[in-house]
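A short write-up of the structure that comes next.
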Amino acid sequence: SLARLREEEEDAFLRFEARLKEVLNRKSDLFAIYKSGGVKGGLEDDKIDTHRHEYLRKCDELLILPRPLAYGRPDPTTLNLDGFGCTGSVTQALAIALKGNTTCAILSLCENRLGGEGLKTICGSLEGLESLCELRLAGCGIGNQTDELGRLITVNKNITTLDVSNNGMSDPGMLQVLRAVYEGNVMSVLSLARNPGGAESCELLGQVH
């Protein structure tokens, strides 16, 4: 009946409203906890806290929920953010968090639609992350917009494992990555699977040892 339908709609709305309040309260709690900081042990801790606070402020500005994993205490050594929805504003906030991380060795952002702009933002935040040795970017919709990735590989020679499989890269994009790998000569594991590269890519790939 119409009355029953209205009751169900009202119940659904009340459940949604309760869930929204729960999320907003959780967000407020996160800001309260991390803005309060903790015992700082020196200048390096001050620097890390500054990045954490910048990350939280950016999340607040963009109206997105902070990801505790991205700025936990102590800094995480492995960040698995596969399928996290890192697009647009979320990527901007994540880049701030990554700049403040000093211990991350493995970063996985697979199945996030980063695209060229998102990749540029993330790569810029990783250039000075000396602890990073493994970067996974499979299925991120990168295409041939790999200029910044090539630069990252050249600048941060600590990255020795790279997965950029299933990104729709043809020869132009793959060649940029391969040239950076070839010139740096430090990569031990490189995955370019399921990318439609051509003859030029295959030729250069054969020269990468």
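Overview of results
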{"item": "Accessible surface of the range 77-179, 1.4 Å probe, proportion on carbon and sulfur as whole %", "result": "46 percent"}
{"item": "Probe 1.4 Å - accessible area at residue 127, Å² to nearest ten", "result": "50 Å²"}
{"item": "Gain in span if fully extended, residue 103 to residue 186, counting 0.36 nm per residue against the direct Cα distance", "result": "27.9 nm"}
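The values are calculated or read from the model by the stated rules, or taken from the named source; none is laboratory data. The model shown is predicted, which means the values in this text are computed figures rather than measured ones. Ligands, DNA and RNA are excluded from the accessible area calculation, which covers all protein heavy atoms including side chains. Shrake-Rupley method; radii C 1.70, N 1.55, O 1.52, S 1.80 Å.
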